[in-house]
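Below: one structure, written as structure tokens.
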Amino acid sequence: MEAPELREYLRFLLWHYRVVDGFWFLFVEKEHGRKAAEHLDEVVWDKIAGMSAKDLVQRFDIQEKGIKGLVKAFQFLPWTMIVGYHVTETGDDEALVTVPECPTQVARVKYGLPEFHCQDMHQTEFESFANAFEPWIKVECLLAPPDHPPDLFCKWRFTLETSKGT
């Protein structure tokens, strides 16, 4: 494949990656309830996020530690592209991740389902991901569904506890 075909194939793979994740959640929710789906989502993403971070560090030779390493790795994370994470380094010891529009929550509402509580899952996911760069990165949810303004679905702060970090 030439570069344009490869890019289109990448879009196809990322779309299917998101669709599989969405249908997995919906079918668990249907069979076992939303609480069970949210819990299993949290368990799965805790495991996947740490694995992803370690793999990204190795595959893309990310040498940076702390917030700088975290921000660089977010550039390669599939969910940054799938969801549209906006990752901003606001200093040597802080970064923000914002999501102006969440495709998962938008799709749920479009099909008559309520937004689900995803804060615990993302808390666990982001802590696992951040831990690969520095065990003293604190992850703080500033807002998340179902409680959010219309123009912003979630916002997360990553800070390096300078008393412990390097």
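The values are calculated or read from the model by the stated rules, or taken from the named source; none is laboratory data. Not measured: the values here are computed from a predicted model. SASA here: full protein model, heavy atoms, side chains in, ligands and nucleic acids out. Shrake-Rupley method; radii C 1.70, N 1.55, O 1.52, S 1.80 Å.
If the chain between Ile48 and Val106 were fully stretched, how many nm would it gain, using 0.36 nm times the residue separation less the Cα-Cα distance?
18.5 nm
Percent of Cα-Cα pairs more than 26 Å apart in the chain, please.
30 percent
Of all accessible surface on region 41-115 at a 1.4 Å probe, what whole percent is carbon and sulfur?
Carbon and sulfur atoms account for 55 percent of the accessible area of region 41-115.
In Å², what does the accessible area per residue of region 71-130 work out to with a 1.4 Å probe?
Value returned for region 71-130: 46 Å² of accessible area per residue.
Top to bottom by accessible area (1.4 Å), largest first, where do Leu14, Leu70 land?
My answer, sorted largest first, is Leu14, Leu70.
Within straight cross-link reach of Lys138, meaning Cα distance under 28 Å, which lysines are found once same-chain residues fewer than 8 apart are removed?
Those lysines meeting the cut-off are Lys35, Lys47, Lys54, Lys65, Lys68, Lys72, Lys155, Lys164.
What value, in deg cm²/dmol to 500, does the helix sum -39500 (n - 2.57) over DSSP H runs of n ≥ 4 give at 222 nm once divided by the residues of the chain?
-18000 deg cm²/dmol
No solvent, one uniform scatterer per C-alpha: report log10 I(q)/I(0) for region 57-123 via the Debye equation at q = 0.16, 0.26 1/Å, two decimals.
-0.66, -1.18
What residues have an amide H closer than 5 Å to that of Glu64, excluding those fewer than 5 places away on the same chain, when H is modeled at 1.01 Å from N in the peptide plane?
Close amide H contacts, sequence-distant or interchain: none at all.
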